[in-house]
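Here is the structure we will look at.
The values are calculated or read from the model by the stated rules, or taken from the named source; none is laboratory data. Remember, predicted model here, so these are calculated numbers, not experimental data. Don't worry about glycine lacking a Cβ; one is built from the backbone with ideal geometry, like all the others, and counts go over all protein chains shown.
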Amino acid sequence: MIEQYLNSLLGTFIAHPYIILFVGLLFAGETFLLPAIYFALDGKLHLSYIVVIAMSATMIADIFWYYVGAHMKNRFARKIVVGRIQRAIEKLSGTYARQGDKVLFFSKFVYGTRTAAQILSGLQLLPLRKYLSINFLGIFSLLISMVILAYSIDATVGSVVSIVHNVEVAFLIFVILLVSAHFAFGSHFKKIWFQ
């Protein structure tokens, strides 16, 4: 029974990878983006589709959180902003009050601050046009940096193919470097923002 379900799920993913990617990005963020970029490097998916889908899904999710922030007095909004998100908002609010535009842009690169920055943008009633512009640039910058890193690693591994024979090693290197950069960048900004 479980095997049949998993085969059905895998069949759905194979038949509709871009729909699965959109839904995954909408709810899980970059967790779905990393394998998608890998599959693009491997020729199984089209990078241009991935970028458009990632931009769209991330913007939709971020706009949702912006409107949650703009309506925090609403009972529904207060119910969904709890736990980790609430703590991040409390930590980030002082810095956001002083440097909101920078926090919004760089929150894409700092793990654990993206949702809080979106909510704070709504709470501070950042004009929607300005919010969309800064948010778009942040998302685009993150995507471009991830793609450049992936292609750089792929080119490097391709040039040392006699040493590295397995493409999975390239993906592992990509993930390790990306996660390391993400945490290093994030810890730097968290030190500055949460003083």
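For region 30-48, the tally of residues that are within 13 Å of the chain's Cα centre (by Cα) and either surrounded by 19 or more Cβ atoms within 10 Å (Cβ to Cβ) or modelled with pLDDT of 85 or more (or both) stands at 5. Among the residues in region 118-130, are any basic (Lys, Arg) and in contact with a Phe, Trp or Tyr (Cβ under 9 Å, 6 or more places away or on another chain)? Among the residues of region 118-130, not one is basic (Lys, Arg) and in contact with a Phe, Trp or Tyr (Cβ under 9 Å, 6 or more places away or on another chain), which makes the answer no. If you go through region 77-128 and keep only what is in a loop (DSSP other than H, G, I, E, B) and either among the small types (Gly, Ala, Ser) or modelled with pLDDT of 75 or more (or both), you end up with Ser107, Lys108, Phe109, Val110, Tyr111, Gly112, Thr113, Gln124, Leu125, Leu126, Pro127.
Confirm whether Ala181 is within 17 Å of the chain's Cα centre (by Cα) and either at pLDDT 80 or above or farther than 16 Å from Val68 by Cβ (or both). Yes: the conditions hold for Ala181.
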